[in-house]
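Notes follow the structure.
The values are calculated or read from the model by the stated rules, or taken from the named source; none is laboratory data. For clarity, every value in this text was computed on a predicted model and none was experimentally measured. We place every Cβ from the backbone using ideal geometry, glycine too, and count neighbours over all the protein chains shown.
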Amino acid sequence: MRRFSLFTFVILLLAAVLRSAAGTYTIDPVHSSVSFKIRHLVARTGGEFTSFSGTITQDFEDLDRSAVELHIVTASIDTRDRDRNDHLRSAEFFDVEKYPEITFVSTKITKVDNGTYAVAGTLTMHGVSHQITLTVDYLGEAEDPWGGTRAGYELSTTIDRKDYGISWNKTLDNGGLILGDEVEISIDLEVVKVKQSTVRW
C-alpha cells in the first residue's frame, strides 16, 4: 500500500510539473539573440538581427499542441560595418523595402532526445517559402524575481541562401567566390510565460 501511495505521489507530481510547463511564451528580446554565419573567403563571418519577436507554445505532454512562430525585421541586420549593412539591405540581398520580414511558422514538432526537439516548419524569406527543420534544445524553466515564469531555448539550422533567391556573389581572380552559399543560423531565446487572465463573474 505504501509503495502504491509513493508511486501515485510521484506520478501526480510529474503530471503537475508537466502541466506547469505547458503554456504560451513570448520572446524577451533583451535576453535573446538571432545571429548567422557565412563563409567569407577563407574564414567565417557573420552578424545578427536586432529586432525580432515571436511566441512559443509548449506542451510536453502533447507536442501536437506545441508551436513556434518567429518574426525577424530584415532592416535590423547588423554586421558591425555600415557599408556592408547597407549592401545587405539592398535589392542585391534582402531587399528590405520589398521584404521587410523573415518568418518561421512551425508545422510539426518531434522529440529527438531528452530536451532536444526537431521543429519542422515554413521559413519565408525574400518572398520565398521553404520547409526547413530547426534543432531546438530546451534549457529549462525558472521563476524570475518579478513574479513571472521564464524558459530558455537554443535553436539552430543551416540553409542555402540561393534557395531564397539571395545569390549575389563576386568572383575572385583565382576563380573562387567571396561568399559561400550555406548560412548557419543560431537563435538563443529567453521567453516569458503569458499569464492567463482570470474570468470574474
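Of note:
- Residue that is surrounded by the fewest Cβ atoms within 10 Å (Cβ to Cβ), among those in segment 129-181 that are aliphatic (A, V, I, L, M) and farther than 28 Å from residue 89 by Cβ: 142
- Residue, modelled with the lowest pLDDT, within segment 36-71, restricted to residues that are closer than 29 Å to residue 176 by Cβ and loosely packed, with under 15 Cβ neighbours inside 10 Å: 42
- Scanning segment 122-136 for residues that are out of contact with any Gly (no Cβ under 6 Å at 6 or more places or on another chain) and touching a residue at least 12 places away in the same chain (Cβ under 8 Å) yields 122, 123, 124, 125, 127, 130, 131, 132, 133, 134, 135, 136.
- Within segment 78-128, the residues that satisfy the criterion of being part of a strand (DSSP E or B) and among the acidic types (Asp, Glu) are 78, 101, 113.
- Within segment 82-92, the set of residues being touching a strand residue (DSSP E or B) at 6+ places or on another chain (Cβ under 9 Å) and not aliphatic (A, V, I, L, M) comprises 84, 85, 89.
- Evaluating residue 199 against the criteria (1) at pLDDT below 95; (2) out of contact with any Ser or Thr (no Cβ under 9 Å at 6 or more places or on another chain); (3) surrounded by 14 or more Cβ atoms within 10 Å (Cβ to Cβ); (4) β-branched (Val, Ile, Thr) leaves one unmet condition, (3).
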